[in-house]
1. Could you please find all residues in segment 26-44 being within 22 Å of Tyr116 (Cβ to Cβ) and part of a helix (DSSP H, G or I)?
2. If you scan segment 58-84, which residues turn out to be over 9 Å from His45 (Cβ atoms) and open to solvent by 70 Å² or more (accessible area, probe 1.4 Å)?
3. Go over the candidates Phe33, Phe55 one by one and state the one that is within 25 Å of Lys13 (Cα to Cα) and at pLDDT 90 or above.
4. In segment 5-18, what count of residues is obtained for those that are open to solvent by 30 Å² or more (accessible area, probe 1.4 Å) and at pLDDT 85 or above?
5. Report whether or not Leu61 is without any contact (Cβ under 8 Å) to a residue 60 or more places away in the chain and part of a loop (DSSP other than H, G, I, E, B).
Amino acid sequence: MEEGTFLIDSDLKDFMPQFISHDLVKPFLEKNFLTTNDIKEWSIHQGGAELLKKFADEECLSLTAEQLLPSLKSFNEYGNVSSASCLLVLEKLFNSYKHRSPFDKGVILGFGAGYYYGMVLYQRCGSIPVLP
């Protein structure tokens with residue numbers, strides 16, 4: 001979507017991470033006095049391993065390998081399952097990152113089929129027992 005125009009292009013995977021970073025994530029974080037370093041958990045719609053790796057680029061979000069790992073693992077396990085991918089990554093974050101502070105912040109970032117793009121900022125509220 002660019003100025004009210006829907007974009008479809010074979011190079012969309014190269015374009016979307018930077019577009020989303022500059023149009024959505026960075027302005028949202030700035031408005032809330034946060035940086036990408038303040039966000040410990042990133043649940044990103046995969047769209048493919050190459051697309052995810054673009055979020056590590058300096059002109060994008062400069063996310064670390066550790067911040068991208070949950071989304072990459074989910075992509076390797078399930079493949080691209082469209083918008084549901086964000087929730088699959090989130091479930092793994094909640095169940096496997098027990099060493100995190102109970103007040104860490106996280107972002108759910110979705111884009112692509114089914115909706116344009118969207119972002120949710122959350123903060124853990126103490127420890128919740130993980131079900132077996």
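The values are calculated or read from the model by the stated rules, or taken from the named source; none is laboratory data. Bear in mind that the values here come from a model prediction, so they are computed numbers and not experimental data. With ideal geometry, Cβ positions are generated from the backbone for all residues, glycine too; neighbour counts draw on all protein chains shown. Heavy atoms of the whole protein, side chains included, go into the accessibility calculation; ligands, DNA and RNA do not. Shrake-Rupley method; radii C 1.70, N 1.55, O 1.52, S 1.80 Å.
1. Lys26, Pro27, Phe28, Leu29, Glu30, Lys31, Thr36
2. The answer is Glu58, Glu59, Ala65, Glu66, Leu69, Lys73, Asn76, Glu77, Tyr78.
3. Working: Phe33 fails: within 25 Å of Lys13 (Cα to Cα).
Sole residue among the options that is within 25 Å of Lys13 (Cα to Cα) and at pLDDT 90 or above: Phe55.
4. Count: 1.
5. yes
Yes/no per residue for (1) assigned to a strand (DSSP E or B); (2) modelled with pLDDT under 85:
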site	(1), (2)
Ser21	no, no
Gln46	no, yes
Leu72	no, no
Ser85	no, yes
Asn95	no, yes
His99	no, yes
Pro102	no, yes
Leu109	yes, no
